[in-house]
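I have placed the structure first, in the form of structure tokens, so that the comments after it can refer back to it.
Values quoted throughout were computed directly from the atomic coordinates according to the rules given, and no laboratory measurement underlies them. Because the structure is predicted, anything quoted here is derived from the model rather than measured. Virtual Cβ from ideal backbone geometry, glycine too; neighbours counted across all protein chains shown.
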Amino acid sequence: MQRVKCCQDLLKLFQDHGEDFLGSHLLVQDQSWFYWDSAERRQVWAEPTGARFSTPRVKKTASKTMILMGFTCKPRRVSLTALPAGTNTMIEYLRTTGKRFLSLKKDMIRLKNCLLMWDNARPHTATDTREFLTHRDMQPVKQSPYSPDLNRFLFRKLKHLFREDEFGGHEDATLAVQWAMRR
């Protein structure tokens, strides 16, 4: 039922904004972890006759970098922010999101007219994030639960590009992603 409601809300936004729905007022954001060591990124395959693997547990590691990206259509802009592991990602997420909103304001887009679209990850649904947006009169476009990422191919292509690479640290991983985005 919640999926139907989200789709109806999205259709109403499209009807209200018309052609401008995907134009200058849409800001899409997503994030993903990039591991520095290629061994941590490899998939594990079982032998055809071997025992089944149990569900692998995610290992907490400091050797990773979170990449946050924001996309706008008009003017075309990709905003890239990198956060090292161990930082309070929600606080950093709000700080970088705020900077992104300020850059939109310079382009004469009123923040309350901005359509913010993102997935259901914790940094997006946290109380602090909702308060941040409410304080600025912004309502994010709802996405139905368990729906795929809005730009699911971008991070997969980047991770495929770096599948054999190993990075010396947070700065190396950040520079590699920035280089790949300029290509």
>> With 10 angstrom as the radius, rank 26, 10, 175 by how many other C-beta atoms surround their C-beta, starting from the fewest.
In response: 175, 10, 26
> In nm, what is the difference between 0.36 nm times the number of residues separating residue 137 and residue 160 and their Cα-Cα distance?
Replying inline: 4.4 nm
> Hey, fewest Cβ within 10 Å first, where do 78, 28, 177 land in order?
Replying inline: 78, 28, 177
> From the phi of every residue in segment 129-134, what ³J(HN,Hα) in whole Hz does the Karplus formula 6.51 cos²θ - 1.76 cosθ + 1.60 yield, where θ is phi - 60° and glycine or proline is x?
Replying inline: 5, 4, 5, 4, 6, 4
> Taking other Cβ within 10 Å of each residue's Cβ, how do 129, 134 sort, fewest first?
Replying inline: 134, 129
>> Suppose R0 equals 22 Å. What FRET efficiency, 1/(1 + (r/R0)^6) with r the Cβ-Cβ distance, do residue 126 and residue 6 give to the nearest 0.05?
In response: 0.70
